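J.: Let me begin by handing over the structure; questions about it come next.
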Amino acid sequence: MNEFDFSRIDIAAEITTFLIYCLSTLLIYQGFAYLQRATKQIWLNPMLLTMLVVIPLLLANNIAFEHYYQYSKIYSFLLEPAIVALGFPLYQQVQTIRAQFNKVMLVLVSSISLMLAVNVVMAVYIFNQHDIAVSLALKSITTPIALALTEQMRGIAAITAVAIIIAGLVGAIWGIRILNFLGIKSKRAQGLAIGCASHALGTSNISQISYQHGAFSSLALILSAIITAIFSPIIIPMILSLMA
Amino acid sequence: MHFFVVLIPPSLYGMLILSAGLHFNIFNPEKMEASITWVIRNMGVCFVPAGVGIMNYFDLIQASGVQVLAFTIVTTIVLMILVGWSFQKLFREFKDE
């Protein structure tokens, strides 16, 4: 009887911890998401701000990340169905720009493969650590797929996640300005470039400019994730083994 | 050598199957549009726990945080310019209307 009672108490405590971690993460995130929608400021990124609140909270209460993650990793599991949901915008965009699909693929495959290789070589040269190189090479694509690939190639998930937000903010804040300055003014080229380098953050920002920006950007965001998923497990380990 | 064994994350197959199913009219897009829009709009919270893991890498941030930041910014801009420039140069016939 005693043992039975103990296990009941444990389960209650486990469920309470689970609910506290998950709900507080969700509440903080929703608060910042609301703030961003109200202010329309790109740099008030809810993911980044939530991390900046949750980390000091955990440190102040002496809670190890492992303990927090043990209860909140249900969110990471939810990324899998979230990836599947991206099939919907892919279907919509492939319909609208079917005529240029092959040429879009040609540009994306060659640019992404080249930059994957350049990223890995440079990152290994600068940081001399393979896990960081993997994380930084995968930073241009949408988070759920990048995290799945990071895990597969033994990168550091946290660095991938943060680098992805930085890459997204770069394209969302400066993307159009840089491309205009360099004379890359076609709406399709701008959409493609920002969707490829700055995934959903860049896409959501430039979709407000024109329909073509949005269509090419969302197509680039999903296609580059698929291309990276196919090519990075070949290119990255190959270069890492050559540089070892 | 496993160069020819391509390991795509399993959920990506799910995404391609969903997309193909919609394309070939097996699934009804009108029925799922609302729920999919909701999922995509709210999926940001799912990345928070993985990102909080950065708290285990404070030494790295102290030692080379600036380099990581600079590396990310520069390579992102280079990729963006490369894609935009090659698409515009190679396919000049795509003039915006």
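The values are calculated or read from the model by the stated rules, or taken from the named source; none is laboratory data. The structure presented is a predicted model; accordingly, all values stated were derived computationally and were not measured. Glycine gets a Cβ as well: all are built from the backbone with ideal geometry, and neighbour counts include every protein chain shown. We work out accessible area using only protein heavy atoms, side chains counted, and drop any ligands, DNA or RNA first. Shrake-Rupley method; radii C 1.70, N 1.55, O 1.52, S 1.80 Å.
J.: Among (1) within 10 Å of chain B (Cβ to nearest Cβ); (2) crowded, with 20+ Cβ neighbours inside 10 Å; (3) in a helix (DSSP H, G or I), there is one condition A:K139 misses while meeting the rest; what is its number?
T.: Just one mismatch for A:K139, condition (3).
J.: Looking at (1) closer than 19 Å to A:W43 by Cα; (2) free of Cβ contacts under 8 Å to residues at least 12 places away in the same chain; (3) assigned to a helix (DSSP H, G or I), find the lone condition where A:N180 falls short.
T.: The number of the failed condition is (1).
J.: Here's a follow-up. Of the numbered conditions (1) in contact (Cβ under 8 Å) with a residue 60 or more places away in the chain; (2) open to solvent by 10 Å² or more (accessible area, probe 1.4 Å), A:C196 satisfies every one except a single condition; which is it?
T.: The single condition A:C196 does not satisfy is (2).
J.: So A:H130 ticks every box in (1) free of Cβ contacts under 8 Å to residues at least 24 places away in the same chain; (2) open to solvent by 10 Å² or more (accessible area, probe 1.4 Å) but one. Which box is left unticked?
T.: Status for A:H130: all satisfied but (1).
J.: How about segment A:207-225: which of its residues are free of Cβ contacts under 8 Å to residues at least 60 places away in the same chain and either in contact with a Pro (Cβ under 9 Å, 6 or more places away or on another chain) or not small (G, A, S) (or both)?
T.: Matches in segment A:207-225: A:Q208, A:I209, A:Y211, A:Q212, A:H213.
J.: Would you confirm whether any residue within segment A:45-53 is touching a Leu at 6+ places or on another chain (Cβ under 8 Å), part of a loop (DSSP other than H, G, I, E, B), modelled with pLDDT of 85 or more and surrounded by 13 or more Cβ atoms within 10 Å (Cβ to Cβ)?
T.: Checked against the condition, which is being touching a Leu at 6+ places or on another chain (Cβ under 8 Å), part of a loop (DSSP other than H, G, I, E, B), modelled with pLDDT of 85 or more and surrounded by 13 or more Cβ atoms within 10 Å (Cβ to Cβ), segment A:45-53 yields at least one hit.
J.: Can I ask one more? Being out of contact with any Leu (no Cβ under 8 Å at 6 or more places or on another chain), at the interface with another protein chain (Cβ under 8 Å from one of its Cβ atoms) and in contact (Cβ under 8 Å) with a residue 12 or more places away in the chain: is that true of A:S113 here?
T.: Taking the combined requirement at face value, the residue does not satisfy it.
J.: For segment A:6-21, indicate whether the set of residues that are within 11 Å of chain B (Cβ to nearest Cβ), farther than 30 Å from B:N28 by Cα and buried (at least 20 other Cβ atoms within 10 Å of the Cβ) is non-empty.
T.: yes
J.: As an exercise: evaluate A:L90 against (1) within 21 Å of the chain's Cα centre (by Cα); (2) more than 7 Å from every other protein chain (Cβ to nearest Cβ); (3) surrounded by 19 or more Cβ atoms within 10 Å (Cβ to Cβ) and give the number of the one condition it does not meet.
T.: Failed condition: (2).
J.: Could you tell me whether segment A:63-72 includes any residue that is in contact (Cβ under 8 Å) with a residue 60 or more places away in the chain and more than 7 Å from chain B (Cβ to nearest Cβ)?
T.: For segment A:63-72, residues in contact (Cβ under 8 Å) with a residue 60 or more places away in the chain and more than 7 Å from chain B (Cβ to nearest Cβ): absent.
So that you can scan it fast, the table gives a plain yes or no per residue for (1) farther than 27 Å from A:F231 by Cβ; (2) open to solvent by less than 50 Å² (accessible area, probe 1.4 Å); (3) in contact with a Gly (Cβ under 9 Å, 6 or more places away or on another chain); (4) at pLDDT 85 or above:
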| residue | (1), (2), (3), (4) |
| --- | --- |
| B:F4 | no, no, no, no |
| B:I26 | yes, no, no, yes |
| B:E30 | yes, no, no, yes |
| B:N42 | yes, yes, no, no |
| B:D59 | yes, no, no, yes |
| B:T76 | no, yes, yes, yes |
| B:F87 | no, yes, no, yes |
| B:F91 | no, yes, no, no |
| B:E97 | yes, no, no, no |
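J.: Any residue at all in segment A:95-102 that's part of a helix (DSSP H, G or I), within 19 Å of B:C46 (Cα to Cα), more than 8 Å from chain B (Cβ to nearest Cβ) and open to solvent by 30 Å² or more (accessible area, probe 1.4 Å)?
T.: No, the conditions are met nowhere in segment A:95-102.
J.: Would you pick out the residues in segment A:142-171 that are in a loop (DSSP other than H, G, I, E, B) and polar (S, T, N, Q)?
T.: Across segment A:142-171, the qualifying residue is only A:T142.
J.: OK, next. Given (1) open to solvent by 10 Å² or more (accessible area, probe 1.4 Å); (2) at the interface with chain B (Cβ under 9 Å from one of its Cβ atoms); (3) of a type outside the set (F, W, Y), identify the lone condition not met by A:I164.
T.: The one condition A:I164 does not meet is (1).
J.: Out of segment A:191-244, which residues are in a loop (DSSP other than H, G, I, E, B) and under 15 Å from A:G168 (Cβ atoms)?
T.: Scanning segment A:191-244 gives a single hit, A:S207.
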